[in-house]
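The values are calculated or read from the model by the stated rules, or taken from the named source; none is laboratory data. What you see is a predicted model, and the numbers here were worked out from it, not measured in a lab. Please note: Cβ atoms are built from the backbone with ideal geometry, for glycine as well, and neighbour counts cover all protein chains shown. For the accessible areas, the whole protein counts, side chains as well, though only heavy atoms, and no ligand, DNA or RNA atoms are used. Shrake-Rupley method; radii C 1.70, N 1.55, O 1.52, S 1.80 Å.
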Amino acid sequence: MSTHAVERSWCVVVPHHATGARLARHRLADELAEVVPPILLADLVAVLAELVGNAVRHADPLPGGVVRVAWRLRPTPGGPTVSIRVTDGGAPAGPRMRAASPDAVDGRGLHIVAGLASRWGVDRDGLGQSVWAEFDPTGSARPDLVVAG
């Protein structure tokens, strides 16, 4: 792992299909494996998988049948800060945390995001929605939701 990180951003387009989550996870892991601690990388991969999976399962695609995935690495004195943003074509009902019974087969994804990320939220515009998550170097997760726009 490199200790000389510089601010960098990545943006990839993946299919609005289950394979899109796999492609996005591998790309993020390949790009960040040498610049963030392994525990942070594991959290980033898990959250990215949830966000892309939710976009594929619950939202419309962007034009061209795709989902846009972006992440940004910002070095800070305390360690790297990373933000992830997944943009899709939106859905009639926006993302929301649901109560899931122990027997439920789904409904836990945003709880996972809230548990691992420092903060997360949803931005909407006329073209769709972006669900984002931020990870600060302290690793302290705050289970809050910020909805803008």
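Excluding ligands, DNA and RNA, the accessible surface per residue across the range 8-135 is 49 Å² with a 1.4 Å probe.
Seen from Val52, the other residues with C-beta closer than 13 Å to its C-beta sum to a net charge of +4, counting Lys and Arg as +1 and Asp and Glu as -1. The modelled label-to-label distance between Arg124 and Ala29, using points 7 Å beyond Cα along the C-beta direction, is 3.4 nm.
Protein heavy-atom surface of the range 8-135, 1.4 angstrom probe: 56% of the accessible area is carbon and sulfur, with nucleic acids and ligands not counted.
Between Arg57 and Cys11, the modelled label-to-label distance comes to 2.8 nm, taking each label 7 Å out from Cα in the direction of the beta carbon.
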